[in-house]
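Q: For reference, the structure I am asking about is given below.
Each value in this text was obtained by applying a stated rule to the coordinates, not by laboratory testing. These figures come from a predicted structure and were not determined experimentally. Methodologically, a virtual Cβ is constructed for each residue, glycine included, from the backbone with ideal geometry; neighbour enumeration extends over all protein chains shown.
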Amino acid sequence: MRVLITGVKGQLGVELSRALAGGGEVIGRDLPELDITGAACADQVAALEPDWVVHAAAATDVDGCERDPAMALAVNGEGTRRVAEGCRLAGAGLVYISTDFVFDGQKGSPYLETDAPVPVSAYGRSKLAGEHAVQETVSRWTVVRTAWLYGVHEKNFVKTIVGKAAAGEQLRVVDDQVGSPTYARDLAAAIAELLTRGLTGVFHLTNGGSCSWFEFTREILRQGGFSATGVLPISSRELARPARRPAYSVLANGAWERAGLSALRPWPQALAAMLEAWRAAGPVAVPVFPARLT
Ligand SMILES: NC(=O)c1ccc[n+]([C@@H]2O[C@H](COP(=O)([O-])OP(=O)(O)OC[C@H]3O[C@@H](n4cnc5c(N)ncnc54)[C@H](OP(=O)(O)O)[C@@H]3O)[C@@H](O)[C@H]2O)c1
C-alpha cells in the first residue's frame, strides 16, 4: 500500500510517518512543496499515485482562523477539496482528520458520530466544510474526528505548560471547557489500524476519559514534577479569546468500538507516555523539566 501523508511536518504528521512506516510505502508532503491552497494541488496529489491519502494538513490556529475566516476556509475547506479531487483522479481513498470543534458543545453528554455538527467558530466551520468536500468528492473516505491533540513534536498545550511551569510562571487556565486530551502517537497508531482494516465512514477517536483544561494542567504539573499550586482556574469569559470554544466536546468512540477495536488508553496514561517519550528525546528537546524527571 502506498500512502501519502499531507501536513507531514505537523505534530500528527510526524507520528503518522512513524506509525505507517512498517505497512508499505509512505510519502510525506507539507509546505512548501505541497501547498493545498495551490491550483496544482490535485494534480500533484494524483501524480504521486497513492492508494490512500491521510490528510492531516490544516490551518490549526483556532484564533488565527477566527481573525481570518477566508484563510481558514481556503486551507481547511477548499484545500481539502483539492486534496480530495487528487484522490478522485488517482482512485485513492482519503482519511480526513477533523475535530471536536465541529460541535457546539451544548449536548452535555459525549457526541456520537451521528450527531449533527453545529460549529461555533470559523475553524470549526472550515473543518466541517472539509468533511463535506471529502464526502462529496471521493467514494472511499474516512473522517476521523479527534480532539485536544498533543505530542512530542511541534508546539502544543502540554509543552507550553511545562515550559511556563519551568520558568516559574503562575498559570491561569480555563476550567469550563471539557474534552479528551489525545496523544498524537496513539491517534496515529489508531489511524494505521483503520487503514490496515480498510475501515471507512466517520470515526470519533480520542484517548479515554475527559477533563477540563484546568484539570489537564494540574495532571501535567503533577506528572512533570511541578507544584500543582502554580495553576489557578479561570472562566472562558475571563480569558476572552477571539474564537468561541465548545464547553463540552467529549467524543464517544462508538464506531471504533463497534468495529471490535480496543478503546484508546485513558488520557492520564497517554500523557505519561508522551512525557516519557519527550524526556527520552534528550536534553536538547527537553531543556525545562525539573531534575526529578531528567
Ligand atoms: N491540534 C489539535 O488540537 C487538533 C484537534 C482536533 C483535530 N485536529 C486536526 O488534526 C490534524 C493535524 O493537526 P496537528 O495538530 O498535527 O496540526 P499542525 O501541527 O498544525 O500540522 C499541520 C501541518 O499542516 C501544514 N499546513 C498548513 N497550511 C498548509 C497548506 N496550505 N498546505 C499544506 N500544508 C499546510 C502546517 O504547516 P505550517 O506549520 O508551516 O503552517 C503543518 O505542518 C489537522 O487536520 C487538525 O485540524 C487538531
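Q: Could you look through segment 60-69, keep only residues that are in a loop (DSSP other than H, G, I, E, B) and charged (D, E, K, R), and pick out the one that is farthest from the ligand (Cβ to nearest atom)? So that I can check it myself, show each step before the final result.
A: Of the residues in segment 60-69, the ones in a loop (DSSP other than H, G, I, E, B) are 60-61, 68.
When the remaining residues are screened for being charged (D, E, K, R), the result is 61, 68.
Values: Asp61: 8, Asp68: 12 Å.
Among them, the one singled out is Asp68.
Q: Here is a follow-up. Of all the residues that make up segment 157-174, how many are within 16 Å of the ligand (Cβ to nearest atom) and surrounded by 18 or more Cβ atoms within 10 Å (Cβ to Cβ)?
A: Step one: of segment 157-174, the residues within 16 Å of the ligand (Cβ to nearest atom) are 157-161, 173-174.
Within this subset, residues satisfying the condition of being surrounded by 18 or more Cβ atoms within 10 Å (Cβ to Cβ) are 158-159, 161, 173-174.
Adding up the residues that qualify gives 5.
Q: Give Arg81, Arg2, Arg88 a once-over and let me know the one that is under 21 Å from the mean Cα position of the chain (by Cα) and basic (Lys, Arg). Full working, then the answer.
A: Numbers: Arg2 fails: under 21 Å from the mean Cα position of the chain (by Cα); Arg88 fails: under 21 Å from the mean Cα position of the chain (by Cα).
Being under 21 Å from the mean Cα position of the chain (by Cα) and basic (Lys, Arg) holds for just one of Arg81, Arg2, Arg88, which is Arg81.
Q: Looking only at segment 120-142, count how many residues are within 15 Å of the ligand (Cβ to nearest atom) and in contact with a Gly (Cβ under 6 Å, 6 or more places away or on another chain).
A: Total meeting the criteria: 3.
Q: Of all the strands (runs of 3 or more DSSP E) wholly in segment 149-253, which have at least 3 residues that are in contact (Cβ under 8 Å) with a residue 60 or more places away in the chain and farther than 24 Å from Leu112 by Cβ?
A: Details: elements: 171-174, 201-204, 231-234.
Once the strands (runs of 3 or more DSSP E) in segment 149-253 are filtered for at least 3 residues that are in contact (Cβ under 8 Å) with a residue 60 or more places away in the chain and farther than 24 Å from Leu112 by Cβ, what remains is 171-174, 231-234.
Q: Give the number of residues within segment 138-156 that are among the small types (Gly, Ala, Ser) and buried (at least 23 other Cβ atoms within 10 Å of the Cβ).
A: Let us first name the residues in segment 138-156 that are among the small types (Gly, Ala, Ser), namely 139, 147, 151.
Filter again for buried (at least 23 other Cβ atoms within 10 Å of the Cβ), leaving 147, 151.
Total meeting the criteria: 2.
Q: List pairs: first in segment 47-63 and touching a residue at least 60 places away in the same chain (Cβ under 8 Å) and within 15 Å of Gly198 (Cα to Cα), second part of a strand (DSSP E or B) and more than 8 Å from the ligand (Cβ to nearest atom), Cβ under 7 Å, 6+ apart or cross-chain?
A: The qualifying pairs are Trp52/Val3; Trp52/Gly93; Trp52/Val95; Val54/Val3; Val54/Ile5; Val54/Val95.
Q: Same structure again: Just need a number here: residues in segment 10-49 that are part of a loop (DSSP other than H, G, I, E, B) and under 22 Å from Arg81 (Cβ atoms). So that I can check it myself, show each step before the final result.
A: Step one: of segment 10-49, the residues part of a loop (DSSP other than H, G, I, E, B) are 10, 24, 30-40, 48-49.
Adding the requirement that they be under 22 Å from Arg81 (Cβ atoms) leaves 10, 30-40, 48-49.
Within segment 10-49, residues that are part of a loop (DSSP other than H, G, I, E, B) and under 22 Å from Arg81 (Cβ atoms) number 14.
Q: Mind telling me which of the residues Ala72, Ala42, Ala57 ends up being more than 8 Å from the ligand (Cβ to nearest atom) and either of a type in the set (Ser, Thr, Tyr) or buried (at least 24 other Cβ atoms within 10 Å of the Cβ) (or both)? It would help to see each step written out before you state the result.
A: Values: Ala42 fails: either of a type in the set (Ser, Thr, Tyr) or buried (at least 24 other Cβ atoms within 10 Å of the Cβ) (or both); Ala57 fails: more than 8 Å from the ligand (Cβ to nearest atom).
The match here is Ala72.
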